[in-house]
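Down below is the structure, laid out as structure tokens.
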Amino acid sequence: MKQLSQYKNYKKIAVMGGTFNAIHMGHRVAAEAVRQELDIERVIFIPTGNAPHKENDPMYNEHRYLMTVLATVTNPDFEVSRMEIDRTGKSYTIDTIKELRRKCSKECEIYFITGADAIEQILTWKDPDELLSMCRFVAVTRPGYNRTKLEKAIDTLKQKYKGNIEFLEVPALSISSTDIRNRVIADKTIKYLVPETVENYILKFGLYTTEYSQAPYINDINKRLHNVLTPKRFRHTQGVAEEAVRLAQRYNGDIDKAYLAGLLHDCAKCYTDEEKLRMCEEYNVPLDKILKKQPDLAHSFLGAALAKAEYGIKDEDIINAICYHTTGRADMSLLEKIIYIADYIEPNRESFPGLEKIRELAYTDIDKAVEYALHNTIDYNKEKNRIIHPLSITALEYYREENNEK
Ligand code: ATP
Ligand code: MG
């Protein structure tokens, strides 16, 4: 019987690290291309544990591991390691490479495969100098990432780290795990984007969907949102809907309304400025001078109109929560405050100064969270030389006074 992980016997191995949530054809194609081009004996897929750069999803650790096994089992030169999944605490690539170094023979060359998006971040990883001296990096092309930018990033790294980094063009598959998850939520097919076994696994365990996202009318909305939003925006929208539910639970608000308003709050966000202006006219959304100058700010007002006209929302509170989610306003309803704050703190948000403070306030005193968030936004927009909408200024005055009187 063949043994798994005969690390001591290998002369040349490659690590394919990733969240693999879910593993898709792009991962397999990249790994196989590197294996062949560089004469690699074994590609070890290592699903991340609690990756410092990614949202934590401990619940999904086993699912990610098992899907990775399913996706690689037919390739005799691929295997999967639980090394990072089983590690407690934060998981760093440097620790993985050190562990592999201990297991392998001295002369074994270790390659680390990364896509174009990941290579740009390498210097932000833990101990990059040591990491780049312990293994060689292969940066593979990835659709959607600028090739010149990638080559420049590699050149910069090469100057410092000599031969330890190289570039490989691999067949272009425009697939991402984010996209796979979004498609599952929107009830769109993932056939041929992931291996059939992985597709069946996702469906069998109902991965990525929630009890809310499966309601038939929500399903319809998600399908439509999936068509008009970028993958990142769609994911943000799901995050806001779920955060809004948590806030509604905390403050005894209407959970269904919170979910719906969260889902639809950015439904007008991904149109171009010209489209937004044209649609505002079409849907009779009045535009003041500020909105005309900064059409992106109009997306919330236009979103409210679209929610009513195109998504069949009749509830005024939901419409208002969408309408004022960017500017805020004085004396907001609980739902308006929930959406305003959920938009700020949902888990997919990239970190910015003050975010943790707002996250904490959100669940202790939502009015204080609103005041803090308004203050933060106004400062940020002033720095960017944007005109502050009067609705935000009166809102800040209102909540300052409210909170002082408490
Ligand atoms: P997410 O959307 O959740 O970030 P992902 O599709 O980027 O997921 P990861 O698990 O983050 O998948 O990726 C693991 C590694 O595979 C990374 O180095 C990434 O750049 C690379 N990779 C992912 N998809 C592709 C692809 N389609 N082509 C080439 N490389 C890819
Ligand atoms: Mg990624």
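The values are calculated or read from the model by the stated rules, or taken from the named source; none is laboratory data. All of these numbers come straight from a predicted model, not from anything done at the bench. For neighbour counting, all protein chains shown are included, and Cβ atoms are generated from backbone atoms with ideal geometry for every residue, glycine included.
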Is it the case that the stretch 110-131 has a residue that's away from ligand 2 (no atom under 16 Å from the Cβ), surrounded by 17 or more Cβ atoms within 10 Å (Cβ to Cβ) and touching a residue at least 40 places away in the same chain (Cβ under 8 Å)? yes
Which numbered condition K308 fails, given (1) of a type in the set (K, R); (2) in contact (Cβ under 8 Å) with a residue 24 or more places away in the chain; (3) surrounded by 16 or more Cβ atoms within 10 Å (Cβ to Cβ): (2)
Heads up, the helices (runs of 4 or more DSSP H) in the stretch 115-209 (entirely inside) with at least 3 residues that are of a type outside the set (G, A, S) and either more than 16 Å from ligand 1 (Cβ to nearest atom) or not assigned by TED's automatic domain parsing to the domain that holds V15 (or both) are 128-134, 147-161, 196-204
Can you find, within the stretch 56-76, the residue that is modelled with the highest pLDDT among those that are out of contact with any helix residue (DSSP H, G or I) (no Cβ under 9 Å at 6 or more places or on another chain) and more than 20 Å from A14 (Cα to Cα)? E62
Qualifying positions in the stretch 25-44 - surrounded by fewer than 23 Cβ atoms within 10 Å (Cβ to Cβ) and within 16 Å of ligand 2 (Cβ to nearest atom): M25, R28, V29
Residue hits (the stretch 152-199; modelled with pLDDT of 95 or more, farther than 28 Å from L38 by Cβ and either of a type in the set (D, E) or in contact with a Leu (Cβ under 6 Å, 6 or more places away or on another chain) (or both)) are E196, E199
Let me spell it out: the conditions are (1) at pLDDT below 95; (2) surrounded by 23 or more Cβ atoms within 10 Å (Cβ to Cβ), and L287 meets all of them except one. Which number is the exception? (2)
A22 within 16 Å of ligand 2 (Cβ to nearest atom) and either among the hydroxyl-bearing types (S, T, Y) or in the same structural domain as L168 (by TED's automatic domain parsing) (or both): yes
Flagged in the stretch 82-109 as within 16 Å of ligand 2 (Cβ to nearest atom), assigned to a loop (DSSP other than H, G, I, E, B) and at pLDDT 90 or above, in numbering order, are E84
Could you tell me whether the stretch 319-327 includes any residue that is aliphatic (A, V, I, L, M) and more than 23 Å from K292 (Cα to Cα)? no
Which condition breaks for V43 when tested against (1) within 21 Å of S133 (Cα to Cα); (2) in a helix (DSSP H, G or I)? (2)
Would you pick out the residues in the stretch 80-96 that are under 10 Å from I46 (Cβ atoms) and away from ligand 1 (no atom under 15 Å from the Cβ)? R82, M83
So is E79 on the phi < 0 side of the Ramachandran plot, in a strand (DSSP E or B) and modelled with pLDDT of 95 or more or not? yes
Out of all the residues in the stretch 200-208, is one or more at pLDDT below 95 and surrounded by 15 or more Cβ atoms within 10 Å (Cβ to Cβ)? yes
Residue count, the stretch 223-253, condition buried (at least 19 other Cβ atoms within 10 Å of the Cβ), more than 17 Å from the chain's Cα centre (by Cα) and either touching a residue at least 40 places away in the same chain (Cβ under 8 Å) or not assigned by TED's automatic domain parsing to the domain that holds P347 (or both), comes to 4
